[in-house]
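The next block holds one structure in the form of structure tokens; read it before the comments.
Coordinate-derived values only; no laboratory data. Predicted model, so just to flag it, every value in this text is computed and none were measured. Note that each Cβ is placed from the backbone with ideal geometry, even for glycine, and that neighbours are counted across all protein chains shown.
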Amino acid sequence: MAMFDTTRFESGLQRFEGKMPDAVKHGLGMAGIELLADCGNIPPTVPKRTGRLRESGSVIVGHTVTTAPTEAPAAGQQHVPGTPNTDPMPEKRGGNWACFVGFNTEYAAKVHNSPGMGFREPDSGPFFLQKKMRERRDKYLAVMGAAFRKKMGT
């Protein structure tokens, strides 16, 4: 009968398991930041008129919050600063790790869900968040995976 000494393997596995939660959160956050950036750069984009809606964007993974950058308003418009959501969110939802990406104005949902709204900027339009999640899902999964592997050192 042959026996293998798995002490080194088990020790390495324990180190790996200890790093995993932070690596998952890091990966989710990087994917969320990419999604938020795409909402302002890839049509249909978040409307820009005063900058308030775009600046209200945030990515939240547990207690870590990343907010949208300051935006210059559209030509001829007065800048109105946005107020991103900075409230901590649960790290897990339904047993799964969670990343919350959204916009924090009283009209964000209406603008997002209104195809007949008549957007002023040529690239802006409805479903600026939902459409990216559907059409660019593989990109965000790849970003998440790359960030996870980098954090894990693999």
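Selection of region 20-54 for residues being surrounded by 14 or more Cβ atoms within 10 Å (Cβ to Cβ) and among the charged types (D, E, K, R) yields K25, E34, D38, K48, R49, R52, R54. Of everything listed in (1) outside any helix (DSSP H, G or I); (2) touching a residue at least 24 places away in the same chain (Cβ under 8 Å); (3) farther than 22 Å from M144 by Cβ, the single unmet condition for A75 is (2). Among the numbered conditions (1) in contact (Cβ under 8 Å) with a residue 40 or more places away in the chain; (2) in contact with a helix residue (DSSP H, G or I) (Cβ under 9 Å, 6 or more places away or on another chain); (3) closer than 30 Å to S124 by Cα, the only one that L36 does not meet is (2). Just one residue in the set F100, F148 is under 16 Å from V24 (Cα atoms) and touching a strand residue (DSSP E or B) at 6+ places or on another chain (Cβ under 6 Å); that residue is F100. With the structure loaded, tell me whether R49 is out of contact with any Ser or Thr (no Cβ under 8 Å at 6 or more places or on another chain), outside any helix (DSSP H, G or I) and among the basic types (K, R) or whether it fails that test. When the stated conditions are applied, R49 passes them.
Residue pairs whose Cβ atoms lie under 8 Å apart, separated by 6 or more positions or on different chains, with the first residue in region 110-124 and without any contact (Cβ under 8 Å) to a residue 40 or more places away in the chain and the second surrounded by 10 or more Cβ atoms within 10 Å (Cβ to Cβ) and among the polar types (S, T, N, Q), are H112/Q130.
Just one of the listed residues (F119, F128) is more than 18 Å from the chain's Cα centre (by Cα), crowded, with 18+ Cβ neighbours inside 10 Å and part of a loop (DSSP other than H, G, I, E, B), namely F119. The one condition from (1) farther than 29 Å from K19 by Cα; (2) surrounded by fewer than 16 Cβ atoms within 10 Å (Cβ to Cβ); (3) in contact with a helix residue (DSSP H, G or I) (Cβ under 8 Å, 6 or more places away or on another chain) that A72 does not meet is (3).
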